Amino acid sequence: MPVEITWWGHATCTVEDSGTRVLTDPLFARRLAHLRRRRGAPPPPAAALADLVLVSHLHADHLHVPSLARLAPGTRVLVPRGAPRQVPGLRRLRHLRLTEVAPGDETRVGEVRVRTVPARHDGRRLPFGPRRSPALGFVVEGASRTYFAGDTGLFESMAKEVGPVDVALLPVGGWGPHLGEEHLDPGRAAQALARLEPRSAVPVHYGTYWPIGMDAVRPHEFHTPGAEFVRQAALHAPDVRVHLLRHGESVRTGGPDTGGAEDAARAEGAEGTGSAWGARGAEGAP
């Protein structure tokens, strides 16, 4: 049974595996503080339908209380341990089933098991708050093993902590012109592929939000990370197939070949493609 992955923008994805819908870091806003959604419409209402929601850390572009409020009553949400104490707004979401988790925890929903794994990232609620809640990654195990990295930098034990995976959803950029070491840029994300050795990968966390009034500041950091990740992955992990998606597009992995590998050469320089490589130009590119 193939697993279907839909990228809604930023770190928000739906993973459909074995009849179970898993939603990652839901962010449905057009604007968040000083950030605006510069590419792609916000996800449709159907994107909020999920059997399980994964929240990787407490930064407002990953744990967004108004977006969580849109989830259906009874939806189960995994949050980093200590999150309700650090983010009081979570305690008002009484229609949700919040479960606090830490690395090493396992959660079963429907036909899938979710393993919580470490991430290297300062995931505290900014601008205040002590560092009491860990930043997390998750591995969704059903018909496939799908790794959602959240936000993370490279760390020595990454492959050991994450374990074998078939698909990696990796951040390759951010929402501003500079990235620190506790993030993956295209080069570091390609190195992560070489360590993890999945069969396929989907780049996320780029080309969606950008600070208001800064469109002309290092615009390549907004537009090019996806295509640059394709290039770097070919160098560091040539056996991994990269699916470069546009906002709202899906790819099926783990089943029959989805086609399009012959378009790999044309994908270079394209910011946003269809399922498995096909280059169709850049939505919103200058």
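The values are calculated or read from the model by the stated rules, or taken from the named source; none is laboratory data. This one's a predicted model, so the numbers in the text were calculated from it and none came from an experiment. For neighbour counting, all protein chains shown are included, and Cβ atoms are generated from backbone atoms with ideal geometry for every residue, glycine included. Each accessible area value is taken on the protein alone, full model and side chains, heavy atoms only, with ligands, DNA and RNA left out. Shrake-Rupley method; radii C 1.70, N 1.55, O 1.52, S 1.80 Å.
If you find the alpha carbon centre of the range 170-235 and of the range 21-85, how far apart are they in angstrom?
Measuring centre to centre over Cα atoms gives 20 Å.
Run the accessible area of the range 114-255 with a 1.4 Å probe and give the carbon-and-sulfur part as a rounded percent.
Details: 2730 of 5490 Å².
That share works out to 50 percent.
Heavy atoms only, probe 1.4 Å: what % of the accessible area of the range 19-79 goes to carbon and sulfur, would you let me know? Mind dumping the intermediate values first?
Working: 1230 of 2090 Å².
Roughly 59 percent of what the probe reaches on the range 19-79 is carbon or sulfur.
So which trypsin sites (Lys or Arg not before Pro) in the range 12-61 end up in coil per DSSP with only 14 or fewer other C-beta atoms within 10 Å? Write out the running numbers ahead of the final one.
Details: sites: Arg21, Arg30, Arg31, Arg36, Arg37, Arg38, Arg39; in loops: Arg30, Arg38, Arg39.
Answer in residue order: Arg30.
To the nearest 20 debye, what charge dipole does the chain have about its Cα centre, counting +1 at the Cβ of each Lys and Arg and -1 at the Cβ of each Asp and Glu? Don't skip to the end; give the middle numbers.
Values: 35 positive and 31 negative charges, 263 e Å.
Dipole about the Cα centre, nearest 20: 1260 debye.
Would you mind giving the average projected area, over all directions, of the Cα convex hull of the range 32-158 in nm² with one decimal? Write out the running numbers ahead of the final one.
On the way: hull surface 35.0 nm².
Mean orientational projected area (the range 32-158, Cα hull): 8.7 nm².
Along the range 99-112, what does the Karplus equation 6.51 cos²θ - 1.76 cosθ + 1.60 (θ = phi - 60°) give for ³J(HN,Hα), rounded to whole Hz, x for Gly and Pro?
Going residue by residue, I get 10, 7, 9, 9, x, x, 6, 10, 10, 10, 9, x, 9, 10 Hz, with x marking Gly and Pro.
Per-residue ellipticity at 222 nm for the chain, helices alone: DSSP H runs ≥ 4 residues times -39500 (n - 2.57), over residue total, nearest 500 deg cm²/dmol? Please report the intermediate quantities before stating the final value.
Numbers: 7 runs with 45 residues, N = 286.
Helices in the chain give a 222 nm mean residue ellipticity of -3500 deg cm²/dmol.
Using a probe radius of 1.4 Å on heavy atoms only, what accessible surface per residue do you get for the chain? Whole Å² is fine.
Working: 11710 Å² over 286 residues.
On a per-residue basis, the chain sits at 41 Å².
Kindly provide the pair-distance distribution of the chain built from C-alpha pairs, with 5 Å bins from 0 and whole-percent values in order of increasing distance.
1, 6, 14, 18, 21, 18, 13, 7, 2, 0, 0
Could you point to the residue in Thr99, Gln86, Ser144 farthest towards the positive end of the chain's charge dipole, with +1 and -1 charges on the Cβ of Lys/Arg and Asp/Glu respectively?
With unit charges placed on the Cβ atoms, the residue in question is Gln86.
Would you tally the net charge around Val3, using a Cβ to Cβ cut-off of less than 12 Å, leaving Val3 out, and scoring K and R as +1, D and E as -1?
Within the 12 Å Cβ shell, the charges total -2.
Evaluate the relative contact order of the chain (contact order divided by residue number), counting alpha-carbon pairs under 8 angstrom at least 6 apart; express in whole percent.
Once divided by the residue count of the chain, the mean separation gives 18 percent.
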